[in-house]
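Chemist: Below you'll find the structure I mean.
The values are calculated or read from the model by the stated rules, or taken from the named source; none is laboratory data. Everything numeric in this text was worked out from a predicted model, so none of it was measured. Cβ: placed from backbone, ideal geometry, glycine included. Neighbour counts: every protein chain shown. Heavy atoms of the whole protein, side chains included, go into the accessibility calculation; ligands, DNA and RNA do not. Shrake-Rupley method; radii C 1.70, N 1.55, O 1.52, S 1.80 Å.
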Amino acid sequence: MAVDLLLGLQWGDEGKGKIVDVLTSKYNIIARFQGGPNAGHTLVFNGKKHVLHTIPSGIFHDEATNLVGNGVVIDPVIFKKELDKLEEQDVDYRKSLLISRKAHIILPTHRLLDAASEASKGKAKIGSTLKGIGPTYMDKTGRNGLRVGDLELDTWKDKYRALADKHESMIDFYNVDIQYDLKELETEFFAAVKVLKSLKFIDSEEYIYQAQKSGQSILAEGAQGSLLDIDFGTYPFVTSSNTTAAGACTGLGVAPNQIGEVFGIFKAYTTRVGSGPFPTELFDEVGETMGRVGHEFGATTGRARRCGWLDLVALKYACQVNGVTQLMMMKADVLSGFKNLKVATAYKYKGETITHLPYNIEPENVEPIYTDFKGWKEDLTQMSDQSTLPKELNDYIAFLEKELEIPITIVSVGPDRKQTIFR
Ligand code: GDP
Ligand code: IMO
Ligand code: MG
């Protein structure tokens with residue numbers, strides 16, 4: 001059976017966690033394929049909010065198997081905290097949570113290196129979540145990394161020591177003021193590794209192959225968003241993995257011809273957290289209202305998210321790169337009450353009007369050209385059927401579907417599982 005993908009089409013935080021949770025009942029396996037604890041995926045049900053970082057968003061469903069794929073980077077310390085929270089909720093994860101032996105481990109020194117790198121950049125900093133993501137993927141591609149499978153070897157602590165020592169000299173090289181107590185960090189790390197080792201490690205590509213062969217349904221859960229992709233995002237203000245569809249192939253070992261549906265998730269407007277260009281960003285009270293009504297604060301770092309209008313130029317690009325087959329529009333409820341809405345449908349770039357995403361999208365290079373829409377007044381949060389959606393929202397949706405040539409099959413009208421309208 002083909003593997004379906006669910007991906008963020010903007011700069012992350014589109015609502016992936018919510019929709020994976022909503023869709024999990026249709027799948028046997030939910031698999032994360034990239035990223036790590038830089039992700040914060042929020043699920044809301046039965047009046048409670050849950051935030052997951054590394055663990056797939058299907059974990060609250062008893063019947064589903066949740067797999068952390070080889071493309072993911074795992075911080076045992078954060079992973080343990082996630083497990084502790086699940087235990088508090090009486091979630092029996094032991095039988096349903098599987099971890100790829102080929103996933104890389106985030107060391108405490110990776111986190112320190114992240115902080116040192118950011119500090120050394122000054123104003124040009126990426127705005128990283130400081131979870132050690134960049135340094136861990138650098139060690140992966142540099143062929144120095146420590147993997148989950150290594151933890152099964154007697155020699156893993158030697159490998160750890162050699163890498164951590166190397167990191168310490170690299171931190172010194174940055175020559176920035178980073179205070180840390182490595183002994184303390186290591187005590188926490190080793191205790192967390194012990195917990196991690198009590199879980200089931202598997203050869204996940206083989207597991208996925210056999211699962212597909214036996215007809216099990218698999219949903220691959222993306223982290224971050226397409227505009228944070230290491231290749232196709234707004235480099236260097238990106239994360240260090242391929243967040244786009246191809247990342248699911250390398251991050252799980254799924255062959256390209258085995259990909260089925262590609263669900264692309266986007267907010268009805270745009271947000272970004274961290275540094276980097278954002279052509280439709282608003283600095284006025286409209287942007288402030290989006291942030292306030294949409295509670296736009298990072299689920300991992302608590303930082304305020306920058307807000308702006310929907311950028312169709314960027315969205316089209318993300319749909320192309322991912323081969324999106326179905327769209328899901330999130331947070332439509334947040335736009336209720338705006339008199340007028342705008343969507344960027346083109347950019348002014350070097351004196352010309354263009355409709356593709358150019359190499360440079362810094363404010364000095366592009367100016368968005370907007371199409372105006374009439375807003376709607378109705379509160380959407382209690383609506384459960386598409387027939388009740390206001391005409392102005394239907395017009396907004398119809399315009400996007402026509403421009404993107406992809407159906408919008410879900411409209412989300414609130415954070416709760418139940419606030420989901422299928423079309
Ligand atoms: P993810 O990283 O893509 O899983 O998204 P996050 O969880 O980081 O951010 C999405 C935020 O929006 C969370 O606080 C969700 O609870 C919330 N959310 C998701 N869908 C909706 C929606 O349709 N309306 C509103 N108002 N909030 C939503
Ligand atoms: P989810 O899965 C939003 C951003 C950071 C920073 C840049 C690099 O919740 O959508 P990193 O820690 O990866 O080195 O940070 O990427 N970023 C995210 N923004 N949602 C995320 O994940 C993000 N993960 C990383 O803010 O700008
Ligand atoms: Mg998030």
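Chemist: So how do 68-75, 17-24, 409-416 stack up, highest first, on mean other-Cβ count within 10 Å?
Modeler: Taking the mean over residues of other Cβ atoms within 10 Å, the ranking is 68-75, 17-24, 409-416.
Chemist: Please name which of Thr381, Ala248, Val273 has its Cα lying farthest along the dipole of the chain towards the positive end, using unit charges on Cβ (Lys, Arg +1; Asp, Glu -1) and the Cα centre as origin.
Modeler: Of the candidates, Ala248 comes out farthest on the positive side.
Chemist: Separate question: Residues with beta-carbon under 11 Å from that of Arg423, excluding Arg423: net charge, scoring Lys, Arg +1 and Asp, Glu -1?
Modeler: Charge balance near Arg423 sits at -2.
Chemist: Have a look at Ser336, Leu113, Tyr160 and report the one farthest towards the positive end of the charge dipole of the chain, computed about the Cα centre with Cβ charges (Lys/Arg +1, Asp/Glu -1).
Modeler: The listed residue farthest towards the positive side: Tyr160.
Chemist: Roughly how big is segment 266-422's charge dipole about its Cα centre, with Cβ charges of +1 (Lys, Arg) and -1 (Asp, Glu), in debye to the nearest 20?
Modeler: 280 debye
Chemist: Tell me the angle of helix 108-121 to the major Cα principal axis of the chain, expressed in degrees between 0 and 90 and rounded to the nearest ten.
Modeler: Result, in degrees: 50.
Chemist: For the chain, give me the percentage of DSSP beta bridges that are antiparallel, rounded to the nearest 5 percent.
Modeler: Bridges in the chain are about 40 percent antiparallel.
Chemist: Packing-wise, with mean Cβ within 10 Å as the measure, how do 175-181, 225-231, 296-302 rank, highest first?
Modeler: Descending mean neighbour count gives 225-231, 296-302, 175-181.
Chemist: May I ask you to derive the FRET efficiency for Ser387 and Gln89 from their Cβ-Cβ distance with R0 = 35 Å, giving the value to the nearest 0.05?
Modeler: 0.45
Chemist: Applying a 10 Å radius around every beta-carbon, put 150-160, 364-374, 30-40 in order of their mean neighbour count, most first.
Modeler: 30-40, 364-374, 150-160
Chemist: Also, quick follow-up: Treating only the Cβ atoms of Lys and Arg (+1) and Asp and Glu (-1) as charged, compute the dipole magnitude of segment 104-196 about its Cα centre; round to the nearest 20 debye.
Modeler: 400 debye
Chemist: Report in % the part of the accessible area of the chain that belongs to carbon and sulfur, leaving out ligands and nucleic acids; probe 1.4 Å.
Modeler: 51 percent
Chemist: A follow-up question, please. Calculate, in nm to one decimal, what Thr353 and Phe399 gain on full extension: separation in residues at 0.36 nm each, minus their alpha carbon distance.
Modeler: Extending this stretch completely gives an extra 14.6 nm.
Chemist: Could you work out how far helix 204-213 tilts from the main Cα principal axis of the chain, as a 0 to 90 degree angle to the nearest 10?
Modeler: In the chain, helix 204-213 runs at an angle near 50 degrees to the longest axis.
Chemist: For segment 270-295 and segment 158-202, compute the distance between their C-alpha centroids and round to whole Å.
Modeler: So the two Cα centres are separated by 36 Å.
Chemist: In whole Hz, with x marking every Gly and Pro, tabulate ³J(HN,Hα) for segment 399-404 from phi via Karplus 6.51 cos²θ - 1.76 cosθ + 1.60, θ = phi - 60°.
Modeler: Here the 3J(HN,Hα) series is 4, 5, 4, 5, 5, 8 Hz.
Chemist: Treating only the Cα positions of segment 1-57 as identical point scatterers, give the base-10 log of I(q)/I(0) from the Debye formula at each q in 0.20, 0.30, 0.31 Å⁻¹.
Modeler: Each listed q corresponds, in turn, to -0.77, -1.49, -1.53.
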